[in-house]
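Right, one structure below, let's go through it.
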Amino acid sequence: MTSDEFAKPGSGAEDDVFQPAERDRPSDSLTSGSSDSSSLKSDWSTRIDALKQQESDLKRSIADLQTAYNRLTQDQFKKIQTDISRMVQQGTADLEQRKRTLQLETEKLERRQERIQAEMKTTFAGASQDLAVRVQGFKDYLVGSLQDLAVAAEQLDITPRESAAPSAMSSEPEVVPRRGTPRTESVSPELGFAANTFQDQAERVRSLLDQYRMRPDYYGPVWQLRRTFEPIHAERVSNWFFAQGGRGAVKSMGSRLQNVLVASAALSILHTLYGNRLRTLVLSNSPERLGEWRRGLQDCLGISRADFGTGQGVMLFDAPEPLSQRAERVTSEGGLPFILVDEAESVISLALLQFPLWLAFAPDPMNPVTDYDFY
C-alpha cells in the first residue's frame, strides 16, 4: 500500500470527523445574532425608560414652575392690591385732614370776621386800623406838607387885601384884630345853630344825626359820614351844635379814631349846610397825629388826597399861627373856616377863638393822652 492510498481513507475520515463541527456553525451565528438583537433591544428599552423618566422630570419641573409662577402672580397681585388699598386709605386720610384743616381755618376766619364787625361797631374802625394809621401817618404828612408848601409858594400873595366876611356869633358887627389892624366883619344869620332862631338848620342837623345813627350808608357820596354812628357820638355832636353854638370843646372819646369820627360827623353836617364854602383846618402838634387825622377823615368821609391841600377842603397844621393866618385868608376870600383841635393840644391859642366855627377835644383827666413813639 502506497502512501497515497493510505492517505485517502485518512482524508475521508478526516472529513467525516470535522463535518459535524461545520454543521454547528450556523447555529452559533444564529445565537450570536439573537444575542445582539436582545442587547440592542435592551439598549433601546433603557433609552426609552430614560427618556420617559426625563419626560416625567420635565413635566414635574414644568408643573413646579407653573405652581411657582401662579404663587408669585398671586403674591404680586395681593401686594398690588395691598399697596393700592394703602394708597387709597392714605389719600383719603390726607383729604380728610385737609378738609378738617380747611374747616378750622374757615371757622377761624368766620370768628375773626364776626369779631372785626363787632369791633367796628364798638370802636369805630377797630384796633386793626390803629397800627396802619400810625405807620402811614408820618409818611402821609410829609408828602402832604411838601405838596401844601409848593402850592402855598405858588399862591403866595404879597399884596395885603381887606374884605368883609360873615360871622356866626351875633347880629352886630364885631371888631377882630388881624395882624395888628382892626377890621369890621358883617354878620350872616345862616351860620347860627340855635334852635329858636334857626329852626330850619336845627331840624336839618337833627335829621342828619338820626340818619347817621339809624341808617348808616357805608357807600354814600363824598363828604357824607360812612361809618357806624353810636348814640354817644350823636350826643357829643348835638351838644356842640345846639348847646355851644358850633364853638367849643367836647370831652374826648378816649382815642383819636373816636374823636375823628365825632369831628367827621360835624364836618359832614357843615358841608351839607354850606357846601364848598367850608374849609376845614386841623391842628395837632406832631406829624404822626396829623397823619392819623388825614387817614381817619379819608376813611370816614370817603375823601381822597385831592381834597387835602392849601386851597382845598381840608388843611393840616402843626402850629396855631399859620393856621390862624390861613383861616383869616379863607374868611377874606368868602369861605367859612372850620377849625379842629386835637386833644394833644394842651393850650388853645386865642387867635383861634375869633373864628365862628371851631371844635376842640378836651382830654379826659381819667384817661390821659398816650404819646406814641415815632416810627
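Some observations on this one:
- Karplus-derived 3J(HN,Hα) values for segment 212-217, using 6.51 cos²θ - 1.76 cosθ + 1.60 with θ = phi - 60°, are 4, 7, 9, 10, x, 10 Hz; glycine and proline are entered as x.
- DSSP-loop GluC sites (Glu not before Pro) across segment 331-361, with at most 15 other Cβ within 10 angstrom: Glu333
- Residues listed by number, segment 205-221, amide nitrogen under 17 Å from Ala243 label point at 7 Å toward C-beta: 206
- Projecting the Cα positions of Gln76, Ala118, Thr101 onto the charge dipole of segment 28-122 (unit charges on Cβ atoms of Lys, Arg, Asp and Glu, taken about the Cα centre) puts Ala118 furthest along the positive direction.
- The H on the amide N of Lys251, modeled in the peptide plane, is under 5 Å from the matching H of Ala362, each at least 5 residues off or on a different chain.
- Long-range tail of P(r) for segment 28-122 (Cα pairs > 19 Å, %): 76
- Cα gyration tensor shape for segment 237-347, rounded if a/c is under 1.5, else prolate or oblate: rounded
- Segment 201-267 - charge dipole about Cα centre, Lys and Arg +1 at Cβ, Asp and Glu -1, debye rounded to 20: 140
- Computed FRET value (nearest 0.05) for Tyr274 with Gln113, which takes r as the C-beta separation and R₀ as 30 Å: 0.15
- Model label sites at Ser35 and Leu58, defined 7 Å from Cα along the beta-carbon direction, differ in position by 3.7 nm.
- Annotation: amide H-H contacts under 5 Å for Leu336 (H modelled 1.01 Å from N, sequence separation of 5 or more, or interchain): Leu278, Arg279.
- Ser42-Arg71 FRET efficiency (beta carbon distance; Förster radius 41 Å; 0.05 resolution): 0.45
FYI, it's all coordinate maths here, none of it is from the lab. Note that this is a predicted model, so its numbers are computed, not measured. No Cβ is skipped: glycine too gets one built from the backbone with ideal geometry, and neighbour counts run over all protein chains shown.
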